[in-house]
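Beneath this line is the structure, given in structure tokens, with notes to follow.
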Amino acid sequence: QVQLVESGGGLVQPGGSLRLSCAASGFTFSMYAMNWYRQAPGKEREFVARITSTGGRTNYADSVKGRFTLSRDNAKNTVALQMNSLKPEDTAVYYCNARRLQPGGSYNDYWGQGTQVTVSS
């Protein structure tokens, strides 16, 4: 059974930090790129950050570049999103995603249930 379980969300003041974690099971974690997406109320889900299957390359949305850092531990089947200098506009439900390009050209996607991040004074 595939599972992606996010944790670490919560309420934080502007300028503060949070560390989100995602624990994976039920699939070959080291073969999947890992992504974080977020969805704010009334808005569409948007890309936040991505890390390749080996952890050798990361990409970030412009809105979080320089503030967020994504890392992974393939031995523990986990990814972590370190979020610093948080802003109210970072408030959203954050989703962990595992993605792998299949031989036929389509993507295989797994999603977590999401964790709420609220940035407010």
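Identify all residues within segment 44-65 that are in contact (Cβ under 8 Å) with a residue 12 or more places away in the chain and part of a loop (DSSP other than H, G, I, E, B); write none if there are none. Arg45, Thr52, Ser53, Thr54, Gly55, Ala61, Ser63, Val64 - these are the residues of segment 44-65 that are in contact (Cβ under 8 Å) with a residue 12 or more places away in the chain and part of a loop (DSSP other than H, G, I, E, B). Summed over segment 85-111, the residues that are touching a Phe, Trp or Tyr at 6+ places or on another chain (Cβ under 7 Å) and in contact (Cβ under 8 Å) with a residue 40 or more places away in the chain give a count of 9. Hey, can you tell me all the residues within segment 20-43 that are loosely packed, with under 13 Cβ neighbours inside 10 Å and under 21 Å from Ser120 (Cα atoms)? Answer for segment 20-43, where residues must be loosely packed, with under 13 Cβ neighbours inside 10 Å and under 21 Å from Ser120 (Cα atoms): Pro41, Gly42, Lys43. Residues in segment 81-116 that are open to solvent by less than 10 Å² (accessible area, probe 1.4 Å) and hydrophobic (A, V, I, L, M, F, W, C): Leu81, Met83, Leu86, Ala92, Cys96, Ala98.
Residues in segment 77-109 that are outside any strand (DSSP E or B) and of a type in the set (Val, Ile, Thr): Thr91 alone.
The values are calculated or read from the model by the stated rules, or taken from the named source; none is laboratory data. Just so we're clear, the structure is a prediction, and the values are computed from it rather than from any experiment. Cβ sites come from the backbone with ideal geometry, for glycine too, and all protein chains shown count toward neighbours. SASA here: full protein model, heavy atoms, side chains in, ligands and nucleic acids out. Shrake-Rupley method; radii C 1.70, N 1.55, O 1.52, S 1.80 Å.
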